[in-house]
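What follows is a short report on a single structure.
The values are calculated or read from the model by the stated rules, or taken from the named source; none is laboratory data. Note that this is a predicted model, so its numbers are computed, not measured. In this analysis, Cβ positions are derived from the backbone assuming ideal geometry, glycine residues included, and neighbour counts consider all displayed protein chains. Just the protein is used for accessible areas: all its heavy atoms, side chains included, with ligands, DNA and RNA removed. Shrake-Rupley method; radii C 1.70, N 1.55, O 1.52, S 1.80 Å.
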Amino acid sequence: MSEKPQGELVCNANEIQVKQALRILIDDYPVAIVKDSMGGIHAIGDTCSHADISLSEGEVEGCAIECWGHGSQFDLRTGQPLQLPAYDPVPVFAVSLDGDDVYVDVTNVVNGASVQNY
């Protein structure tokens, strides 16, 4: 018997195209579910750490997402900013797959970044 994944069931992996992001809310907290260029699935805080802008509306290239507002880029694995003007990382959350079901655990911030208003 397999163990149930931790976190909330947020979507089916097939709902997200490669190099695309999906904005979801978990207990009113915005999270971007992102499929990188290689098809890996990541969950990050959906709000840019530089300005109050949704990252899920930005472009995905490689394993990074770019904020459309001011051009900050964030590594999807670490949450670290790769491009100014952002200095602070965005939270990266634990992701589990059960078949094609994607689970995100917002109580498990894997990069130690601050989670605002959760």
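Values for this structure:
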{"quantity": "Test: residue in the range 87-102 that is open to solvent by less than 50 Å² (accessible area, probe 1.4 Å), aromatic (Phe, Trp, Tyr) and either in contact with an Asp or Glu (Cβ under 8 Å, 6 or more places away or on another chain) or farther than 19 Å from Ser114 by Cα (or both)", "calculated": "yes"}
{"quantity": "Selection from the range 31-81 of residues that are within 18 Å of Thr107 (Cβ to Cβ) and touching a Ser or Thr at 6+ places or on another chain (Cβ under 6 Å)", "calculated": "Ala32, Asp46"}
{"quantity": "Verdict on Val106 being surrounded by 13 or more Cβ atoms within 10 Å (Cβ to Cβ) and in a strand (DSSP E or B)", "calculated": "yes"}
{"quantity": "Scope the range 32-57; condition in a loop (DSSP other than H, G, I, E, B) and not hydrophobic (A, V, I, L, M, F, W, C); matching residues", "calculated": "Asp36, Ser37, Gly39, Gly40, Asp46, Ser49, His50, Asp52"}
{"quantity": "Filtered residue count, the range 7-55, keeping only those that are among the hydroxyl-bearing types (Ser, Thr, Tyr) and open to solvent by 30 Å² or more (accessible area, probe 1.4 Å)", "calculated": "3"}
